[in-house]
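Q: Sending over a structure as structure tokens; questions will come in a sec.
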Amino acid sequence: MNDQQRFFDGLEEIEQLPLFLTDNTNQLSKEIQINCIQLSIPAGLQIEPPELLAFLNKVKLNRQAQLQNSGLVTDLIYYVWHDELAGQLRFNFLSSLHHTLPFNCAISVIASEAEIVADFLSSNYLQSIPLEEFIAAVDSPADTSVAAFTCKVYQEIIPNSSTRHPR
């Protein structure tokens, strides 16, 4: 068994994690806390975008099955983003009763999940930002103009049926 196979075998637990489902919009914090997955790639491991996209698709199919068996009359919002500071690919599932994604920054919704995955896998910071680089950035003369951060996010609706469509 090669390193890639061991990596994906280790992710099988994530595929099957129980989803917190609710039709109560007041439980957003609990949805985020329970349903959010942070994925890191071990140093030196080469993963190709189609492999990671196949894994994400398995997770989405599992969550859709859980939704269909729940008895709730709601769809799910699936969204994924690259948290470069943490060196992670993050994804989450929320009730579609929420009208906005829970980010505290500007977001740019993009049409391609593959773009997010490719950005993540090609990042120079898969193990986060090296301490030396962070210290150099902190110690450098400060530019007083701060550009607003915009997070690229892909989202789609996972319907409480067998068909799926982008939002």
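Q: Would you pick out the residues in the stretch 1-49 that are assigned to a loop (DSSP other than H, G, I, E, B), touching a strand residue (DSSP E or B) at 6+ places or on another chain (Cβ under 9 Å) and of a type in the set (Val, Ile, Thr)? Walk me through it before giving the result.
A: So the first thing to find is which residues in the stretch 1-49 are assigned to a loop (DSSP other than H, G, I, E, B), and the list is 1-2, 11, 17-24, 36, 40-48.
Pick out the ones that are also touching a strand residue (DSSP E or B) at 6+ places or on another chain (Cβ under 9 Å) and you get 11, 17, 19-24, 36, 40-41.
The answer is 22, 41.
Q: What number of residues within the stretch 63-116 satisfy the criterion of being of a type in the set (A, V, I, L, M), within 24 Å of residue 47 (Cα to Cα) and at pLDDT 95 or above? Talk me through it step by step, then tell me what you get.
A: Narrowing the stretch 63-116 to residues of a type in the set (A, V, I, L, M): 65, 67, 72-73, 76-77, 80, 85-86, 89, 94, 97, 101, 106-107, 109-111, 114, 116.
Subset that is within 24 Å of residue 47 (Cα to Cα): 80, 85-86, 89, 110-111, 114, 116.
Going one step further and asking which of them are at pLDDT 95 or above, we end up with 80, 89, 110-111, 114, 116.
Qualifying residue count, the stretch 63-116: 6.
Q: Pull up the stretch 22-43, narrow it to residues that are under 11 Å from residue 95 (Cα atoms) and of a type in the set (Val, Ile, Thr), then point me to the one that is modelled with the highest pLDDT.
A: Across the stretch 22-43, the extreme among qualifying residues is 32.
Q: Quick one: is residue 150 among the β-branched types (Val, Ile, Thr), free of Cβ contacts under 8 Å to residues at least 60 places away in the same chain and exposed (fewer than 10 other Cβ atoms within 10 Å of the Cβ)?
A: On the way: among the β-branched types (Val, Ile, Thr): yes; free of Cβ contacts under 8 Å to residues at least 60 places away in the same chain: yes; exposed (fewer than 10 other Cβ atoms within 10 Å of the Cβ): no.
It is false that residue 150 is among the β-branched types (Val, Ile, Thr), free of Cβ contacts under 8 Å to residues at least 60 places away in the same chain and exposed (fewer than 10 other Cβ atoms within 10 Å of the Cβ).
Q: How about the stretch 18-38: which of its residues are touching a residue at least 24 places away in the same chain (Cβ under 8 Å) and surrounded by 12 or more Cβ atoms within 10 Å (Cβ to Cβ)?
A: Selection gives 19, 21, 22, 23, 25, 28, 31, 32, 35, 36, 37, 38.
Q: I've got another one for you. Please name all residue pairs, on different chains or six or more residues apart, with Cβ atoms under 6 Å, provided the first residue is in the stretch 56-80 and is within 12 Å of residue 156 (Cβ to Cβ) and in contact (Cβ under 8 Å) with a residue 12 or more places away in the chain and the second residue is surrounded by 14 or more Cβ atoms within 10 Å (Cβ to Cβ) and charged (D, E, K, R).
A: Pairs found: 78/60; 78/156.
Q: I'd like to check which strands (runs of 3 or more DSSP E) are fully inside the stretch 50-135 and have at least 3 residues that are crowded, with 17+ Cβ neighbours inside 10 Å and under 15 Å from the mean Cα position of the chain (by Cα). Outline the logic, then answer.
A: Details: elements: 76-83, 88-95, 106-110.
Output list reads 76-83, 88-95.
Q: What tally of residues in the stretch 84-125 results from selecting those that are charged (D, E, K, R) and in contact with a helix residue (DSSP H, G or I) (Cβ under 9 Å, 6 or more places away or on another chain)? Before you say what the answer is, go through the steps one by one.
A: Going through the stretch 84-125, the residues charged (D, E, K, R) turn out to be 84, 90, 113, 115, 119.
With in contact with a helix residue (DSSP H, G or I) (Cβ under 9 Å, 6 or more places away or on another chain) added as a condition, the list becomes 84, 113.
Qualifying residue count, the stretch 84-125: 2.
The values are calculated or read from the model by the stated rules, or taken from the named source; none is laboratory data. Please read these numbers as outputs of a predicted model, since none were measured by experiment. Cβ atoms come from the backbone with ideal geometry, glycine included; neighbour counts cover every protein chain shown.
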